[in-house]
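Participant: This is the structure, below, for whatever I ask next.
The values are calculated or read from the model by the stated rules, or taken from the named source; none is laboratory data. Source: prediction; values computed, not measured. Neighbour counts are summed over all protein chains in view; Cβ atoms, including those assigned to glycine, are modelled from backbone coordinates with ideal geometry. What goes into the accessible areas is simple: the full protein's heavy atoms, side chains included, and nothing from ligands, DNA or RNA. Shrake-Rupley method; radii C 1.70, N 1.55, O 1.52, S 1.80 Å.
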Amino acid sequence: MHPAVLGLVTIAVAVVTCVGYFYLSNLFLDKVLFPAKGPNAGRNINRANMIRPWLFLFPAFAALGLYLAYPVFETLRLSVLDRDQGNAFVGLANYQQMVQEPKFWEAVRNNALWLLIVPALSTAFGLLVAQLTDRLSWGNIAKSLIFMPMAISFVGAAVIWKLVYEARPIETEQIGVFNAILVYFGASEPITFLTVPFWNNLFLMIILIWIQTGFAMVILSAALRGIPEETVEAAIVDGANPFQIFFKIKIPQIVPTIVVVWTTITIATLKVFDIVFAMTNGQWETQVMANYMYDKLFRANDWGVGSASAIIIMLMVLPILVWNVRQVRKEMR
Amino acid sequence: MDNIAGSKNSLTWLTSIATLLLVLMWLFPTVGLFVSSFRTVDQIGSSGWWSALSTQEQQNGAIRLAGEEVQDGDLFVIEGSLFTNAGTEVISWGTSSRAPTEYEPGDLAELSRDRTVTVDELGNFRMTALESQEGKRLPRVFTTTSSPPEFTLDNYRFMLFDPENSEGMAKAFFNTLTVTIPATIIPILVAAFAAYALAWMDFPGRALLVAVVVGLLVVPLQLALIPLLKFHLNIGIGKGYLGVWLAHTGFGLPLAIYLLRNYMAGLPRDIIENARVDGATDFQIFMKIILPLSFPALASFAIFQFLWTWNDLLVAKVFLIDSTGQTTVMTNQIVELLGTRGGNWEILATAAFVSIAVPLLVFFSLQRYLVRGLLAGSVK
C-alpha cells in the first residue's frame with residue numbers, strides 16, 4: 001500500500017477507534033454494567049462514576065507507560081547486561097568500560113560546557129530583547145523575527161550556520177561571512193571554525209542559542225508585561241533611572257519565570273543531538289552525550305554501554321524532573 | 001511615565017537601534033541561505049551572498065574553442081562566442097593556466113604553429129591559422145569576466161522536479177508529510193480525553209497522575225530508543241511508518257495532556273455544571289462543550305507537534321528509515337547531502353529551504369497559537 005494512503009487509513013482508523021472506544025465503553029458502563037435504573041439505581045450511578053475516569057485515562061496512560069515509563073526501566077536493565085554474552089548480567093562492567101573511554105569524558109566535559117553557556121546566554125539575550133521591544137512600536141515584528149528560528153529544524157539550522165562558518169582556500173573569494181570579514185581585515189589564512197578544538201564547541205553552541213533565544217524572549221516578555229505598573233511608577237517617582245528600574249524593580253519580580261525558562265532550555269540543551277550530528281558528528285573534540293549514545297547504540301551496536309550513557313543523561317535530567325514535580329504538587333494543593 | 005525623564009527621545013532611539021541590530025544579526029544567517037538557494041552555481045562560488053546584487057567578477061575555468069572553420073584567403077578562421085548568457089563582460093584573458101590574465105580584451109595572442117587568437121569584450125573570439133585545424137585540438141582560453149547578478153529557480157527545479165536526480169527532495173518531502181500528519185492528529189485524540197478526566201473528574205490519585213505527566217514531560221526520549229525498537233521488532237511492526245507514528249504519539253502525549261489539562265481546568269465551572277444538571281453525560285459534555293471550547297489549546301499543541309515531528313531527525317532515523325532508504329525524511333536526506341555534497345551550496349541551500357519552508361509558513365500564519373501554547377506549556 002502506498003504510504004500516503006496508509007497514513008490516511010491510519011488516521012481514519014485511529015479516529016474511529018478512539019471515539020468508538022470512548023463511546024462504547026461509556027455506553028457499556030451505563031447500560032449494561034451499572035444501569036441507572038432498577039432498585040440499585042443510586043448505587044449504580046455512583047459506581048459508574050467511580051470507574052468512568054479510568055475509562056477516559058486508560059488509552060493515554062497505557063501509551064505513556066509503554067512509550068516512556070517502561071523504557072526507563074528497560075534501559076536501566078539493559079545497562080547491566082552484555083548482549084555479546086547472551087544478555088548475561090555483568091553488573092557495572094558497562095559503566096566501568098564507559099568511564100575508561102576518553103570520548104566519554106570529552107562528551108561529559110562538552111555537555112557541561114553546553115549546560116553552562118547555552119541556557120545562560122539564551123536567557124540573557126531573551127531578556128534583553130524582551131525588555132528592548134517592550135515599548136517599541138514595531139516591537140511585535142522584531143519579536144516575531146527573532147522568534148523565527150524556533151520553527152527551523154536543528155538540521156536546517158546546521159546548514160544555515162555551516163554557510164556562515166564556511167572556509168575556502170585563501171586564493172578564492174570567501175563565501176562564509178566570518179571568514180570574509182577576517183580576510184577583509186587582513187587575515188593570511190581563513191579559519192575552518194568547526195575543526196578548531198575547544199572553540200568549535202562554542203561555534204556549535206551559537207546555533208542553539210540562536211534558536212532558543214526566541215523561546216526565552218516570548219516567555220520573559222509576557223512576564224515583563226505582567227509586572228504591576230505601580231511598582232515601576234513608584235520607582236520613577238523616587239528618581240530611579242531606567243537601568244535601576246530594570247535590574248532592581250523588574251528582574252526581582254520575574255525571577256520565578258527566569259528559572260522556568262532556564263530549566264526548560266537546560267533540558268533542551270542536555271538532549272542536543274541533531275546539531276552535533278549534522279555539523280561535526282562529534283569529531284574534533286565536539287562530542288556530546290546524546291551523540292555519544294547514538295554512536296554506541298547504532299554504530300558500535302553496543303547496547304550495554306549505549307544504555308549506560310542513556311542512564312547518565314537521565315541522571316542529569318533527574319534534578320529538574322524532581323523540582324518540576326514538586327512545583328506542580330505544591331500548586332495543586 | 002516615559003515623559004518624566006527628558007531623555008525619552010534619545011532612549012527610544014537607542015532601543016530602536018539596538019533592537020534593529022539584534023534583529024539583523026538573527027536574520028542574517030537565514031537570509032544568506034535563502035538568497036544562496038536562488039543563485040547560480042558559478043555565482044555562489046565566486047562571491048559571498050551579501051554581494052549577490054552587485055556585478056559579479058569571476059575567474060572562469062578553461063574553455064576550449066570550438067566552431068565552424070571558414071577559409072578566408074590563405075587563412076583558416078574559426079569564430080564564435082565563449083559565453084551563452086548575455087551581459088557577461090571580459091575583463092582579461094589568457095591562453096595558459098599559468099597566465100590566465102595575460103591579455104586585455106582585443107589583444108592578439110600569438111600561439112605556436114602560426115596560430116593567433118583574439119577575444120573581445122563581449123566574449124567573441126576569432127582564431128586564425130595557416131593550415132586547416134580539422135581534427136586537431138583547438139587551444140584553450142582562460143577568462144576573467146564580470147557578469148550582472150543572476151537569480152534562478154533552476155536549483156529548486158533540479159531538487160524538486162528532476163526525475164533524473166536521485167538526490168531530489170520530492171520523495172523525502174512526501175515521506176516527511178506522511179510521518180507528520182498522523183503523528184500530529186493521533187496524540188491529540190488520545191490526550192484530550194485523559195486531559196478532561198484530569199481536569200474535571202474527581203477520583204483518588206488525580207494529583208499523582210498529573211505529577212506523573214509533569215515528570216514524563218522531561219524524560220529524554222533517548223532512553224526509549226532501544227527498548228521500543230526491540231518492542232517494535234518483537235510485535236512485528238519493525239521499522240516503518242506505523243512504528244514512527246506510534247513513537248511520536250507516545251513522546252508527544254505528556255505535553256499534549258499537560259497543555260490540554262491546564263487549559264480545560266481554566267474553563268468556567270458554571271457551563272459544565274449546568275450541563276450536568278441538565279442531564280448530559282460526561283461523554284456528551286466532553287464532545288459538545290469541552291472539545292469545541294478547547295480549540296485554542298488543541299491548535300497550540302497541534303502546531304508544536306507538527307513542528308517537532310516535521311523537524312525531527314532522531315526518531316525517524318531509529319524507528320522509520322531502514323536500509324533500503326525508501327522512507328528517508330527530509331532532515332535525514334539533508335544530513336546525507338551535508339556528508340556527500342559538502343561544498344555544493346546550490347544543492348544544500350535549496351534542500352534546506354525546501355524543508356524549512358513549510359514550518360516557516362506554519363510559524364508565521366499561526367504564531368498566535370504557538371505563543372499561547374508556549375506560555376501555557378512551560379512548567380511554572
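Participant: Round to the nearest 10 and give me the degree value, 0 to 90, for the angle of helix B:345-365's Cα axis relative to the longest principal axis of chain B.
Facilitator: 30 degrees
Participant: Still on this structure: Across the residues of B:346-353, average count of Cβ atoms on other protein chains within 10 Å? Present the calculation step by step, with values, prior to reporting the outcome.
Facilitator: Details: counts 0, 0, 4, 3, 0, 3, 10, 3.
Neighbouring Cβ atoms belonging to other protein chains average 3 per residue here.
Participant: Report, to one decimal in Å, the Kirkwood hydrodynamic radius for chain B based on all distinct Cα pairs. Let's see the in-between values first.
Facilitator: Details: mean 1/r = 0.0373 Å⁻¹.
26.8 Å is the Kirkwood radius here.
Participant: Right, here's the next one. Take segment A:78-130, drop everything but the C-alpha atoms, weight them equally and run the Debye formula without solvent; then report log10 I(q)/I(0) at 0.16 Å⁻¹ to two decimals.
Facilitator: Ignoring solvent entirely, the Cα scatterers give -0.64.
Participant: Report the residue, chosen from A:65, A:91, A:156, that carries the largest GNM mean-square fluctuation when chain A is represented by alpha-carbon nodes joined by springs under 10 Å.
Facilitator: A:65
Participant: If you don't mind, there's one more thing I want to ask. Per residue, how much accessible area does chain A show when a 1.4 Å probe rolls over the protein heavy atoms, in square angstrom? Write out the running numbers ahead of the final one.
Facilitator: Working: 15590 Å² over 333 residues.
Result: 47 Å² of accessible area for each residue.
Participant: A follow-up question, please. I'd like the accessible area for residue A:21: 1.4 Å probe, protein heavy atoms, all chains in place, Å² to the nearest 10.
Facilitator: Estimated to the nearest 10 Å², residue A:21 gives 70 Å².
Participant: Now a separate question. Any idea what log10 I(q)/I(0) is at q = 0.14, 0.22, 0.29, 0.31 Å⁻¹ for segment B:8-53, Debye with uniform C-alpha scatterers and no solvent?
Facilitator: Computed log10 I(q)/I(0) values: -0.48, -0.73, -0.96, -1.03.
Participant: With 10 Å bins from zero, work out the P(r) of segment B:176-236 over every alpha carbon pair and list the percent per bin.
Facilitator: Once binned at 10 Å, the Cα pair distances of segment B:176-236 give 17, 31, 39, 13, 0.
Participant: Also: Take each uninterrupted DSSP H stretch in chain A, measure its Cα extent along the helix axis, and return the ones at 15 Å or beyond whose mean Kyte-Doolittle hydropathy is at least -0.5. Show your work: numbers first, answer last.
Facilitator: Working: long enough: A:3-27 (35 Å, 1.80); A:41-64 (35 Å, 0.47); A:102-133 (46 Å, 0.88); A:154-165 (16 Å, 1.73); A:199-225 (38 Å, 1.55); A:255-270 (22 Å, 1.87); A:303-332 (40 Å, 1.02).
Length and hydropathy pass: A:3-27, A:41-64, A:102-133, A:154-165, A:199-225, A:255-270, A:303-332.
Participant: If you don't mind, there's one more thing I want to ask. Checking the a/c ratio against 1.5 first, then a/b against b/c, what shape does the Cα gyration tensor give for segment A:146-300? Working shown, then result.
Facilitator: Values: a/c = 3.14, a/b = 1.69, b/c = 1.86.
Oblate is the answer for segment A:146-300, as a/c is 1.5 or above yet b/c matches or exceeds a/b.
Participant: For segment A:295-310 and segment A:22-91, write down the distance between their C-alpha centroids in whole Å.
Facilitator: 31 Å
Participant: Per the Cauchy relation, a quarter of the hull surface: what is the mean projected area of the convex hull of the alpha carbons in the protein assembly as shown, in nm²? Intermediate values should be presented prior to the final figure.
Facilitator: Working: hull surface 170.4 nm².
Taking a quarter of the hull surface, the average projection is 42.6 nm².
Participant: Another question, then. Using a ≥ b ≥ c from the Cα gyration tensor of chain A (square roots of the eigenvalues), is it rounded, prolate or oblate, where a/c under 1.5 gives rounded and otherwise the larger of a/b and b/c decides, a/b for prolate?
Facilitator: Values: a/c = 2.02, a/b = 1.28, b/c = 1.58.
It is oblate, given that a/c is not under 1.5 and a/b is not larger than b/c.
Participant: When a/c is below 1.5 the answer is rounded, else prolate if a/b is larger than b/c, else oblate, so apply that to segment A:1-90 with a ≥ b ≥ c taken from the square roots of the Cα gyration tensor eigenvalues.
Facilitator: Values: a/c = 4.59, a/b = 1.67, b/c = 2.76.
Here segment A:1-90 falls in the oblate category.
Participant: Please compute the modelled spin-label separation between residue B:152 and residue A:77, points set 7 Å along Cα→Cβ, answer in nm with one decimal.
Facilitator: With each label placed 7 Å out from Cα toward Cβ, I get 5.8 nm.
Participant: For the Cα atoms of chain B, what angle does the longest principal axis make with the long axis of helix B:206-217, in degrees from 0 to 90, nearest 10?
Facilitator: 10 degrees
Participant: Please report, in whole Å, how far the alpha carbons of segment B:36-170 spread along each principal axis, starting with the longest.
Facilitator: Projected onto the principal axes, the Cα atoms of segment B:36-170 cover 57, 33, 25 Å.
Participant: Please compute the Kirkwood hydrodynamic radius of segment B:210-318 from all pairs of different C-alpha atoms, in Å with one decimal. Intermediate results must be reported in sequence, preceding the final value.
Facilitator: Numbers: mean 1/r = 0.0619 Å⁻¹.
Taking the inverse mean of 1/r over all distinct Cα pairs, segment B:210-318 comes out at 16.2 Å.
Participant: Using a 1.4 Å probe on the protein chains only, how many percent of the accessible area of segment A:146-282 belongs to carbon and sulfur?
Facilitator: Values: 3620 of 5410 Å².
The nonpolar share, carbon plus sulfur, comes to 67 percent.
Participant: Add -39500 (n - 2.57) for each DSSP H run of 4 or more in the protein assembly as shown, then divide by its residues: what number comes out at 222 nm, to the nearest 500 deg cm²/dmol? Please list the in-between numbers first.
Facilitator: Values: 27 runs with 412 residues, N = 713.
Roughly -19000 deg cm²/dmol at 222 nm, from the helical runs in the protein assembly as shown.
Participant: Taking beta carbons within 10 Å but only from partner chains, what does the mean come to for residues B:14-21? Numbers along the way, then the final one.
Facilitator: Details: counts 2, 8, 7, 1, 4, 11, 4, 1.
Partner-chain Cβ atoms within 10 Å, mean over residues of B:14-21: 5.
Participant: Return a whole-number percent for the relative contact order of segment A:95-332, with Cα pairs under 8 Å and 6 or more residues apart as the contact set.
Facilitator: Details: 265 pairs, mean separation 66.3, N = 238.
Taking the mean separation of contacting Cα pairs over the length of segment A:95-332, I get 28 percent.
Participant: Between the DSSP loop rule and a limit of at most 15 other Cβ atoms within 10 Å, which trypsin sites (Lys or Arg not before Pro) in segment B:287-366 are left?
Facilitator: On the way: sites: B:288, B:317, B:341; in loops: B:341.
Counting only loop positions with at most 15 other Cβ atoms within 10 Å, the trypsin sites (Lys or Arg not before Pro) in segment B:287-366 are B:341.
Participant: When ligands, DNA and RNA are left out and all protein chains stay put, how many square angstrom of accessible area per residue does segment B:8-53 have with a 1.4 Å probe? Before the final figure, lay out the partial values.
Facilitator: Numbers: 2290 Å² over 46 residues.
Spelled out: the 1.4 Å probe surface of segment B:8-53, per residue, equals 50 Å².
Participant: Considering only Cα-Cα distances, which of the following residue pairs are longer than 23 Å: B:171/B:230; A:271/A:296; A:103/A:296; A:248/A:271; A:248/A:330; B:171/B:317?
Facilitator: Details: B:171/B:230 28 Å; A:271/A:296 16 Å; A:103/A:296 11 Å; A:248/A:271 34 Å; A:248/A:330 28 Å; B:171/B:317 16 Å.
Exceeds cut-off: B:171/B:230; A:248/A:271; A:248/A:330.
Participant: Loop only by DSSP, 12 or fewer other Cβ within 10 Å of the Cβ. Give me the chymotrypsin sites (Phe, Trp or Tyr not before Pro) in segment A:238-333 that pass, ordered by residue number.
Facilitator: Values: sites: A:243, A:246, A:247, A:262, A:273, A:277, A:284, A:292, A:294, A:298, A:303, A:323; in loops: A:273, A:284.
Loop-located and lightly packed - none at all.
Participant: A follow-up question, please. Given the options B:106, B:168, B:279, which has the most mean-square fluctuation in a GNM of chain B, springs set between C-alpha atoms less than 10 angstrom apart?
Facilitator: B:279
Participant: Heavy atoms only, probe 1.4 Å: what % of the accessible area of chain B goes to carbon and sulfur, would you let me know?
Facilitator: 59 percent
Participant: For chain B, what's the relative contact order in percent, using C-alpha pairs closer than 8 Å and at least 6 residues apart? Write out the running numbers ahead of the final one.
Facilitator: Working: 481 pairs, mean separation 68.9, N = 380.
The value is 18 percent.
Participant: Roughly how far apart, in whole Å, are the Cα centres of segment B:78-154 and segment A:207-280?
Facilitator: The two parts, judged by their Cα centres, are 61 Å apart.
Participant: I'd like the trypsin sites (Lys or Arg not before Pro) in segment A:21-123 restricted to DSSP loop residues with at most 13 other Cβ atoms within 10 Å, sorted by number. Provide the component values of the computation, followed by the final result.
Facilitator: Values: sites: A:31, A:37, A:43, A:47, A:77, A:83, A:103, A:109; in loops: A:37.
Answer by residue number: A:37.
Participant: Quick one: Cα centre-to-centre distance for segment A:146-195 and segment B:312-359, in angstrom?
Facilitator: First find each Cα centre; the distance between them is then 20 Å.
Participant: How much area per residue is accessible in segment B:57-147 when the probe is 1.4 Å and only protein heavy atoms are counted (Å²)?
Facilitator: Each residue of segment B:57-147 exposes 58 Å² on average to a 1.4 Å probe.
Participant: What accessible area, summed over both chains, is buried at the B-A interface (1.4 Å probe, Å², nearest 100)? Display every interim value, and only then the final one.
Facilitator: On the way: alone 21860 and 20440 Å², together 32570 Å².
In total, this chain pair buries about 9700 Å².
Participant: How big is segment A:226-333 in terms of Cα radius of gyration and Dmax, in angstroms?
Facilitator: 21.5, 67
Participant: Taking only the C-alpha atoms, wrap a convex hull around segment B:159-377 and report its volume per residue in Å³ as a whole number. Please report the intermediate quantities before stating the final value.
Facilitator: Numbers: hull volume 33.6 nm³, N = 219.
Normalising the Cα hull of segment B:159-377 by residue number yields 153 Å³.
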